[in-house]
Amino acid sequence: MFGRGKKQTEVPGRRQSVSSKPLPESFSYYRSTRRNQTLGDVRRQEIVSAQRHDVFKLLKLGVIVLVAVVALGKILYVTRSAKVDVPSAGYAYRDISEYTKIVNDGLKQNYWHGNKLTFNDATLKEYLASKLPELESVDIIIPIINNRPVIKLSVQKPGMVLATGRAAYVVTDTGRIVMELDTKSTKTQPTVPQVNDAANTSYAPGDYGFAEGSVQFINELAHQFDAKNIGIVSMTIPAGAIEELRVTPTGVGYSVRFDMTGDVVQQAGNYLAAREYLKANGLIPVDYVDARVSGR
């Protein structure tokens with residue numbers, strides 16, 4: 001009764017697993033496809049975002065380039081309305097408005113004058129020389145920042161006024177016919193000697209009607225007379241003798257003949273000496289005094 005108890009017999013059964021590790025999730029085709037679609041959408045969004053970023057960068061670069069081109073174009077642009085400067089010293093052949101119009105017309109003649117890089121100084125100078133016979137030099141200034149060119153014109157000095165039976169012309173000190181004087185104009189004539197052309201030669205602006213030496217001779221002779229307080233009624237170049245100059249002094253009834261190819265000071269001295277001799281001896285020449293030869 002109190003003996004060792006009997007060992008209970010184990011009931012055969014399923015042994016419980018010691019490990020509590022969960023079984024792997026069972027495969028699902030639907031779940032796998034959904035995951036792949038999600039990854040694909042993310043990738044596509046990344047590609048679209050990158051493309052948009054590239055487009056934005058290109059647009060930004062394009063705007064920068066456009067602004068740079070516009071700014072450069074504005075810097076290089078040259079307006080066709082120039083500031084014209086003509087020295088005030090000496091005789092004004094034309095009004096400043098007329099000079100400005102001629103210069104601006106010259107700028108409009110050539111397309112390349114609208115850009116600082118292609119501006120052609122030689123072409124503009126050639127055009128102005130054809131329109132302005134009195135022109136001596138042209139100084140063209142193209143400012144770096146400003147767009148308005150500055151054109152400085154230098155003109156030749158007037159040498160004399162040449163009167164023919166047809167018209168009166170202003171002649172430069174180099175002998176070039178510059179322009180016809182309008183007798184109806186209120187514009188003052190240059191303070192230079194007036195010479196009559198007895199041959200009534202026809203001239204046109206731009207012609208070289210006289211040698212430079214002849215113009216210098218006439219002006220120096222007028223200076224010699226003025227130094228001795230001797231007025232001049234007229235200076236005439238006779239027909240058929242373009243190198244001869246006949247001068248009628250004030251207060252006498254004769255003329256004095258000069259050779260414009262000779263020495264003006266010597267010939268003026270010949271006349272002044274003859275004038276004193278005639279006055280001292282009470283002599284009056286019948287026709288003329290020949291200053292080309294001493295003692296005549």
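The values are calculated or read from the model by the stated rules, or taken from the named source; none is laboratory data. The model shown is predicted, which means the values in this text are computed figures rather than measured ones. Cβ placement follows ideal geometry from the backbone for every residue including glycine, while neighbour counts extend to all protein chains displayed. Surface areas here come from the heavy atoms of the whole protein model, side chains and all, with no ligands, DNA or RNA. Shrake-Rupley method; radii C 1.70, N 1.55, O 1.52, S 1.80 Å.
Odds and ends about this structure:
- Whole-Å semi-axes of region 94-180's equivalent ellipsoid (Cα gyration tensor): 30, 12, 11
- Sequentially through region 131-140, phi angles give Karplus couplings (6.51, -1.76, 1.60; θ = phi - 60°) of 9, 10, x, 7, 5, 9, 7, 10, 10, 9 Hz, Gly and Pro residues having no value and appearing as x.
- Peptides 229-237, 214-222, 97-105 ranked from most to least packed by the mean count of surrounding Cβ atoms within 10 Å: 214-222, 97-105, 229-237.
- Spin-label pair residue 191-residue 228: with each label point 7 Å from Cα along the Cα-Cβ axis, the two points sit 2.3 nm from one another.
- Accessible carbon and sulfur surface of region 91-148 relative to its total accessible area, %, 1.4 Å: 52
- Note that region 261-275 has calculated 3J(HN,Hα) couplings of 8, x, 7, 5, 5, 5, 5, 4, x, 4, 5, 4, 5, 5, 5 Hz, one per residue in order, obtained from phi through the Karplus relation 6.51 cos²θ - 1.76 cosθ + 1.60 (θ = phi - 60°); glycine and proline are x.
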